[in-house]
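In what follows, a structure is listed as structure tokens, so that the remarks can point back to it.
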Amino acid sequence: MNRAVGMLARLAVGPRYLHLLEVQSRRSGKTFATPVNLLEVNGHRYLVGGRGHTAWSKNALAAGFVTLRRGRRSQRFRAIAVVDDRKPGILKAYLQEYRRTVQRFFALPADSPLDAFATISNNHPVFELVDS
């Protein structure tokens, strides 16, 4: 499934929020790519680890930089880890925006109160993307 979705991002087909994330491996140094949903909230761009602390999020934390690709366009960003106490609003926005594809990875329904998201904030990495 990720392969097919990644191909859509490479071709710039599909929803505008769909991008191909490229990040350097913290172990091998190779560049790996995975499709991601880019979340924009109040003019800020975020990547959310909906499936938890997976390889891409660990690599982004170690590298400090990521590249987003969509079609022929690519942009490099500093990936800044968001602290847990800032995550609830971002996690709620992410889940509300992409609930059809990510709800199954969250322990809470999208319409849960904001306070409830504090209980799961350490389970889902969030990175703010800043122009490098």
_Cα-based reach from LYS30 at 28 Å (exclusive), listing lysines while leaving out same-chain residues under 8 positions away_ = LYS58
*From a point 7 Å beyond the Cα of ASN42 in the direction of its Cβ, which residues of the stretch 114-132 have a backbone N at a distance under 11 Å?*
none
*Name the residue farthest towards the positive end of the dipole of the stretch 2-131 from the options PRO113, GLY64, VAL41, assuming +1 on Cβ of Lys and Arg, -1 on Cβ of Asp and Glu, about the Cα centre.*
GLY64
*Check the straight Cα-Cα distances from LYS92 and name the aspartates and glutamates below 18 Å, setting aside those fewer than 8 residues away within the same chain.*
GLU40, ASP84, ASP111, ASP115, GLU128
*Taking springs between alpha-carbon atoms closer than 10 angstrom, which of GLY43, GLY71, GLY29 fluctuates most in the Gaussian network model of the chain?*
GLY43
*On a 0 to 90° scale, report how tilted helix 2-11 is relative to the longest principal axis of the chain, with both axes built from alpha carbons and the result rounded to the nearest 10.*
60 degrees
_Among (i) 47; (ii) 42; (iii) 53, only one was calculated for this model; which label is it, if the read-out is percent of Cα pairs over 20 Å apart?_
(ii)
*Whole-Hz Karplus ³J(HN,Hα) for the stretch 18-29, in order, using 6.51 cos²θ - 1.76 cosθ + 1.60 and θ = phi - 60°, x for Gly and Pro?*
7, 9, 9, 8, 10, 8, 7, 5, 6, 9, 8, x
*Pop out the ³J(HN,Hα) list for the stretch 115-120 in order, Karplus 6.51 cos²θ - 1.76 cosθ + 1.60 with θ = phi - 60°, rounded to Hz; leave Gly and Pro as x.*
4, 5, 5, 5, 6, 10
_Amide N proximity, the stretch 56-88 versus ALA107 label position 7 Å along Cα-to-Cβ, cut-off under 15 Å_ = 88
*Over the stretch 2-131, what is the relative contact order in whole percent, taking alpha-carbon pairs under 8 Å and six or more residues apart?*
27 percent
_Positive minus negative residues near SER121 (Lys, Arg vs Asp, Glu; Cβ under 10 Å)_ = 0
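Quick note: the coordinates plus some simple rules give every number you see, no bench work behind them. Just so it is clear, the structure is predicted and the values come from calculations on it, not from any experiment. Please note: Cβ atoms are built from the backbone with ideal geometry, for glycine as well, and neighbour counts cover all protein chains shown.
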